[in-house]
Amino acid sequence: MVAPSPQVDRLTSEQIARFKRDGFLVLPSVLDPELCRQARESLWKLIERYLPRIRRDDPETWTPVTDEESEQLTAHRPVEGGDPHLGGGGHRLFARNGAEQFMLDLAPRALWDVAEQLLGADTVVWPAGVDESNTATGPSFMCDDAVGSLVTHVGNDMGFPQGGSFETEPALRLPRTGPVWLNGQGSRGIYCTLPGSPDPAPDYRGAHSDGACYSRFRVQLSAYIDDVPPNCGGFAVWPGSHSRIWPEQWKTFKAGEKHTDKHLAKRRAGGYTDPVILQIKRDTPPVDCHGPAGTVVLWHTKILHIPGQNASTDVLRQATIYGYMKTPESVPDALVVDDTDGDIWRDWADEVREAN
Ligand SMILES: [Fe+2]
């Protein structure tokens, strides 16, 4: 796949070594300012339409979304299935516009070269977005997590099975505002943290590692479409946690526990209280990834993270998130569910595997 311009520069060997060690990398102001502007306009248009009491020119109106407002937003779920175009609750607000072409050009495609550099040429699922029938089609490994997300974000009436088949559905079809990140076709849209959000320290209860280790997601990005000053809700990350969580999750999966076994009285991996996560929180302080508009944070999919506190009174933290997925050809099902030897870099490009 030849990526469209403009492309973010490929990483230097020093940056790759840092990414490998820390599990994340901040690239300040690398995105096209015009596309960032378009994304902001799109967000505010949705707010104007669905939650007009939040006014762009008056930060004093950027107060938490009430339960009643949250319900009203959910009532606007599109008939074809999928999330409402604008949703939220408390200090969170999200625009489900991640399959729009400009949103794909903005970040997932602008970092295509970088994604291929990290994961290997011709081994990454291309984010094509939706077709003429408003459908996003792409491969998805149907583990319990994926099926759970389908039910939550598409709706129960779509005929998906209750449990995962643990096989790849090569052409999973999703509606425009559905979980289009599951088949690699779209981003998560725009996630906002409203000003004055609560401080998650010192317990960082919501800190987590995304999804299950048995998936094809390897590298993810959080991209800021507007300035995110320090302590304004930037992506908060625990350096080095990726290489500690990865082997623990595999060990647990090998012992028979799935990421979604929520009924277990004591879970060892995949939750918010895994022993390894508690230990990381005890011995490592998180880093607040701030930066000007157009900043991208690249992160290993297993890194421990949390949306940081937005301590400001007048900054709306706006970020888009996308996960690059290996193709089923490059990582067949048998390998998706078997990395029990724990080589965290198995599916990455030689340039990454050899870096140190
Ligand atoms: Fe997450």
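In table form, for the structure just shown:
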{"quantity": "The chain, accessible surface, carbon-and-sulfur percent (1.4 angstrom probe)", "calculated": "51 percent"}
{"quantity": "Ranked by how many other beta carbons lie within 10 Å on average, peptides 102-115, 43-56 from highest", "calculated": "102-115, 43-56"}
{"quantity": "Over the chain, equivalent-ellipsoid semi-axes from the Cα gyration tensor in Å", "calculated": "28, 23, 22"}
{"quantity": "Pairwise FRET efficiency - ASP341 versus THR313, Cβ, R0 = 35 Å, nearest 0.05", "calculated": "0.10"}
{"quantity": "Label point distance in nm, SER330-ARG282, each placed 7 Å from Cα along Cα→Cβ", "calculated": "3.8 nm"}
{"quantity": "Packing rank of 318-326, 238-246, where each peptide gets the mean count of other beta carbons within 10 Å, highest leading", "calculated": "318-326, 238-246"}
{"quantity": "Euclidean distance of C-alpha centroids, the stretch 125-151 and the stretch 260-293, integer Å", "calculated": "26 Å"}
{"quantity": "Mean separation of Cα contacts under 8 Å, 6 or more apart, over the residue count of the stretch 13-345: relative contact order %", "calculated": "26 percent"}
{"quantity": "Sequence-distant lysines (8 or more away, or on other chains) whose Cα lies within less than 26 Å of LYS258", "calculated": "LYS266, LYS281, LYS302, LYS326"}
{"quantity": "The chain, helix-only ellipticity at 222 nm - DSSP H runs n ≥ 4, -39,500 (n - 2.57), divided by all residues, nearest 500", "calculated": "-7000 deg cm²/dmol"}
{"quantity": "Accessible area in square angstrom per residue, the stretch 13-345, 1.4 angstrom probe", "calculated": "41 Å²"}
{"quantity": "The stretch 54-61 - phi-based ³J(HN,Hα) in whole Hz, Karplus 6.51/-1.76/1.60, Gly and Pro as x", "calculated": "8, 10, 4, 8, 9, x, 5, 8"}
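The values are calculated or read from the model by the stated rules, or taken from the named source; none is laboratory data. Remember, predicted model here, so these are calculated numbers, not experimental data. Cβ: placed from backbone, ideal geometry, glycine included. Neighbour counts: every protein chain shown. The protein model used for the area step is the full one, side chains on, heavy atoms only, and it has no ligands, DNA or RNA in it. Shrake-Rupley method; radii C 1.70, N 1.55, O 1.52, S 1.80 Å.
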